[in-house]
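**Q** Just passing along the structure, written as structure tokens.
Values in this text are rule-based calculations from the coordinates and carry no lab data. These figures come from a predicted structure and were not determined experimentally. Glycine also receives a Cβ, built like all others from the backbone with ideal geometry; neighbour counts cover every protein chain displayed.
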Amino acid sequence: MNNLKKLGLTALAGSLVTSAAYAGALDVSGSAKMTYKSQDEDETTGNSFSTSKGITFSGSGDLDNGMTMSYTYTMTDAAFSSTSVMIDMGDMGSIGIGNSAGAAGIPAFDSVIPTAGEEVWDDVDTVDNGVVMHSKVNSIDYIGTFGGFGVSVAYVNDGSGGSSDSSAVITYDGLMDGLQLGYGLGEDSVDEDLETFFVKYTVGGITAAFQRSELDQAGTSSDQDSDAIGVSFAINENLSVSYGTHDVDFGSTGSADEESAGVSASYTMGSMTITGISNSTDNVGGTDASNDAYREVTIAFAF
């Protein structure tokens, strides 16, 4: 073997060793769900039975400066659901870019009310009234913990209506064991200011929370103020139940308060979870006597 070949093989072997030293891991997980959903008799909903699935790829790796990176990519029935790339900087927190609705900022705290199934306002109306939210498309996210304080920030430079969206939430866990306080501010496009405050307390298997949110739209009377309260109880390691309410006060003249309430229960056996949900809303969208409700049973498998 001549010296040139020896040099080439030595370089190849060195590159393989270097790659192995910094190689990451890629894991695949998935879910499959069967659903039965029953809505009001006056609604046309088609087949009450449906299925859904999801596949998530999760990767991570160590950097040569002591930091780590993580990557997730989730595919659902719509082929693409969310993705994120985050760099963990240790004590300095984590920063990255993603499309996950609950990654950071106000979207990560749009509802802190505990539930064994779904939020009481979810799936009843096409619009989630009184819920603070903004775009998460290619959002720059930062999450950090400093003592008893948590910092969660999100920024999208081309969000709703082509304008930037941004928000920040501060949490504090140092007052007493099990108690968390939180306050967040944000902006959805140029015409809607977002604000939320919440208190959450956990003792044993019981978790209770209260959250007040405000959506103020500049130059209009279409403001929304909401109050939500709920409690969940883990009866044992397999069975949980929850109850909650969500009331929305519309700023426009003549609008009635939207009032939602619901109960959920879930039971887990290994990789299978059975969930039951019963939610109802009165005065949907602020329209007096416009009521809606639905019942849902799901059987989900994780693998």
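**Q** Scan around S290 for amide H atoms under 5 Å from its own, H built in the peptide plane at 1.01 Å from N, and keep only partners 5 or more places away or cross-chain.
**A** N283, V284
**Q** Same structure again: Mind checking the full-extension length gain between N47 and R295? Use 0.36 nm per residue of separation minus the Cα-Cα distance, one decimal, nm. Please list the in-between numbers first.
**A** Details: separation 248, 0.36 × 248 = 89.28 nm, distance 1.40 nm.
That works out to 87.9 nm of additional length.
**Q** Considering the Cα positions of segment 139-273, please state its Rg to one decimal place and its Dmax as a whole number of Å.
**A** 18.0, 53
**Q** Right, something else. Report ³J(HN,Hα) in whole Hz for each residue of segment 30-36, in order, from the Karplus equation J = 6.51 cos²θ - 1.76 cosθ + 1.60 where θ = phi - 60°; Gly and Pro get x.
**A** Computed from phi, the couplings for segment 30-36 are x, 8, 9, 9, 10, 10, 10 Hz.
**Q** Still on this structure, I have one more. Please find the FRET efficiency linking V231 to I170, where r is the Cβ-Cβ separation and R0 is fixed at 22 Å, and quote it to the nearest 0.05.
**A** 0.35
**Q** Restricting to DSSP H runs of at least four residues, report the calculated mean residue ellipticity at 222 nm for the chain, -39500 (n - 2.57) per run over all residues, nearest 500 deg cm²/dmol.
**A** Roughly -2000 deg cm²/dmol at 222 nm, from the helical runs in the chain.
**Q** Give, in nm to one decimal, the length gained when the segment between I206 and I97 is fully stretched (0.36 nm per residue of separation minus the Cα-Cα distance).
**A** 35.8 nm
**Q** What angle, in degrees between 0 and 90 and rounded to the nearest 10, separates the Cα long axis of helix 3-21 from the longest principal axis of the Cα atoms of the chain?
**A** With rounding to tens, the tilt is 30 degrees.
**Q** Hey, what did the chain get for relative contact order, percent, Cα under 8 Å, at least 6 apart?
**A** Reported relative contact order: 15 percent.
**Q** Ratio of segment 101-207's C-alpha Rg to 2.2 N^0.38 Å, to two decimals?
**A** 1.13
**Q** Report the label-to-label distance for N238 and D216 in nanometres (one decimal), using points 7 Å from each Cα along the Cα→Cβ vector.
**A** About 5.1 nm separates the two model spin labels.
**Q** Here is a further query. Viscosity 1.306 mPa s, temperature 10 °C: what is the translational diffusion coefficient of the chain from Stokes-Einstein with a Kirkwood Rh over Cα pairs, rounded to a whole number of µm²/s? Don't skip to the answer; put the middle values down first.
**A** Details: Rh = 22.0 Å.
My calculation gives 72 µm²/s for D.
**Q** If you don't mind, there's one more thing I want to ask. Give, rounded to the nearest 20 debye, the magnitude of the charge dipole that the chain has about its Cα centre when Lys and Arg contribute +1 at Cβ and Asp and Glu contribute -1 at Cβ.
**A** So the magnitude is around 2280 debye.
**Q** Could you work out the local net charge near F301, counting Lys and Arg as +1, Asp and Glu as -1, over the other residues with Cβ closer than 13 Å to its Cβ?
**A** Taking every Cβ under 13 Å from that of F301, the sum is +2.
**Q** Taking only pairs that are 8 or more places apart or on different chains, how many Lys pairs in the chain have Cα atoms under 28 angstrom apart?
**A** Close lysine pairs under the 28 Å cut-off: 5.
**Q** Scan the chain and hand back the longest stretch that contains none of the GluC sites (Glu not before Pro) lying in DSSP loops with at most 16 other Cβ atoms within 10 Å. Walk me through the numbers before you get to the answer.
**A** Working: sites that count: E41, E43, E237.
For GluC sites (Glu not before Pro) (loop position, at most 16 other Cβ atoms within 10 Å), the longest site-free span of the chain is 44-236.
**Q** Residue separation times 0.36 nm, minus the C-alpha to C-alpha distance between D27 and D40: what's the value?
**A** Fully extending the segment from D27 to D40 adds 0.5 nm.
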